[in-house]
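The structure under discussion appears below in the form of structure tokens.
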Amino acid sequence: MRITAGELKNRKIKSREGRETRPTLERIKEAIFSIIGDKVEKAIFLDLYSGTGNIAIEALSRGAARAVMIEEDKEALRIIIENVNSLQLDGRCRAYKNDVFRALEILGRKNEKFDIIFLDPPYKENISLETIEKICESSVLREDGIIISEHSTYEKLPDSIGEFVKYDERDYNKKVVSFYRFGDKVRG
């Protein structure tokens, strides 16, 4: 796996052996960052179910100011920390071992706000909708922020979730990427 653009372009990211972690494919990663464009510049980025840290590291390489990565699995978190340290990004990001729902509660209580929130939960759990509802409840998304959800084609996400409205969706064979923002930000 490698970083596709920005200051760390072509640098390698370690991934875990086996099937426990399912990193976002390079072509999908490229498409996501193409869609969000310059929103990533100077953004505060939250990567939920972080896996290898692939997406947050890509965001940092492309100009995000800071990133927070949440991962519950101890071995995956070890890989994230190795990646962050080897790329010398430890001054711009934090990685936490925690359940995503608990982490969102904590971030909300601390009044942390993010410009971009990316989530890629385990497909078999079908918890993208529940995670986005928790993001809404915890008030961690800035007013002009966006949520990007990578999920299985079997998990259909509605056009609106709480205060958020889906403004784009892309199908990549067995994966779908859905984009949400606050409803009053939708332009017709």
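Brief remarks follow.
- Residue 112, sole failed condition from (1) at pLDDT 95 or above; (2) under 24 Å from residue 25 (Cα atoms); (3) assigned to a loop (DSSP other than H, G, I, E, B): (2)
- Of the criteria (1) open to solvent by 20 Å² or more (accessible area, probe 1.4 Å); (2) of a type outside the set (Lys, Arg); (3) within 14 Å of the chain's Cα centre (by Cα), which one residue 141 fails: (1)
- Verdict on residue 129 being touching a Lys or Arg at 6+ places or on another chain (Cβ under 6 Å) and either free of Cβ contacts under 8 Å to residues at least 12 places away in the same chain or assigned to a helix (DSSP H, G or I) (or both): no
- Residue count for region 167-181, restricted to those that are open to solvent by 40 Å² or more (accessible area, probe 1.4 Å), over 17 Å from residue 143 (Cβ atoms) and either touching a Cys at 6+ places or on another chain (Cβ under 9 Å) or of a type outside the set (S, T, N, Q) (or both): 4
- Taking the criterion of being at pLDDT 95 or above and on the phi > 0 side of the Ramachandran plot, the residues of region 30-66 that qualify are 42, 49, 63.
- Of all residues in region 113-138, those that are more than 13 Å from the chain's Cα centre (by Cα), within 17 Å of residue 182 (Cβ to Cβ) and among the acidic types (Asp, Glu) total 2.
- When residue 124 is tested against the conditions (1) in contact with a strand residue (DSSP E or B) (Cβ under 6 Å, 6 or more places away or on another chain); (2) assigned to a helix (DSSP H, G or I), the lone failure is (1).
The values are calculated or read from the model by the stated rules, or taken from the named source; none is laboratory data. Just so you know, these numbers come straight off a predicted model, no measurement behind them. Cβ sites come from the backbone with ideal geometry, for glycine too, and all protein chains shown count toward neighbours. To get the accessible areas, we keep the full protein, side chains included, count just its heavy atoms, and leave off ligands, DNA and RNA. Shrake-Rupley method; radii C 1.70, N 1.55, O 1.52, S 1.80 Å.
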